[in-house]
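The values are calculated or read from the model by the stated rules, or taken from the named source; none is laboratory data. Because the structure is a prediction, the values reported are computed rather than measured. We place every Cβ from the backbone using ideal geometry, glycine too, and count neighbours over all the protein chains shown. Side chains included, ligands, DNA and RNA excluded: accessible areas come from the protein's heavy atoms. Shrake-Rupley method; radii C 1.70, N 1.55, O 1.52, S 1.80 Å.
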Amino acid sequence: MYENLISIDKMSHKPIYEQIIEQFENLIVTGILKSGDMIPSVRSLSKEIGTNPNTIQKAYNELERSDITYSVPGVGRYISNDAKDIIQKSMMKSDSELKNAVEKLKLSGMTVEEIIAKVKLYYGGGNDD
């Protein structure tokens, strides 16, 4: 059910549990998953995407800690009523962090063209380390 919606890049430098969290957040923000929707069990998702159940559990614990999901003992996990708002507020914080980073780069003497080139590089998944 979710194997086509959740894709994990095992070669990525980003930990798999963070990729899972990000994938669920994207599904919620885009409206594919809505408040009250049940998410797959740890075992089910583990089998579907070929990932260790402990990794799935770590991601699920973080989603629940962030109030994006909630558990009903013996029944399952669900998307919370406030999940989309919580994720969008987090994204707004990222926007503020980007603004601060651009301001610092400007003060350091980097030109707008250089900043844009870096943004394009990172947006495309390139690595400039």
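A few remarks follow.
- Selection status of ASN54, in a helix (DSSP H, G or I) and modelled with pLDDT of 95 or more: yes
- Any hit, region 22-36, residues being aromatic (Phe, Trp, Tyr) and either in a loop (DSSP other than H, G, I, E, B) or under 16 Å from ILE79 (Cα atoms) (or both): yes
- Residues that are part of a loop (DSSP other than H, G, I, E, B) and either open to solvent by 50 Å² or more (accessible area, probe 1.4 Å) or of a type in the set (D, E, K, R) (or both) within region 7-21 comprise SER7, ASP9, LYS10, MET11, HIS13, LYS14, PRO15, listed in sequence order.
- Within region 28-59, the only residue that satisfies the criterion of being of a type in the set (Ser, Thr, Tyr), open to solvent by less than 30 Å² (accessible area, probe 1.4 Å) and free of Cβ contacts under 8 Å to residues at least 24 places away in the same chain is SER46.
- Those residues of region 74-94 which are within 14 Å of the chain's Cα centre (by Cα) and either buried (at least 17 other Cβ atoms within 10 Å of the Cβ) or closer than 16 Å to TYR60 by Cα (or both), in sequence order: ALA83, LYS84, ILE86, ILE87
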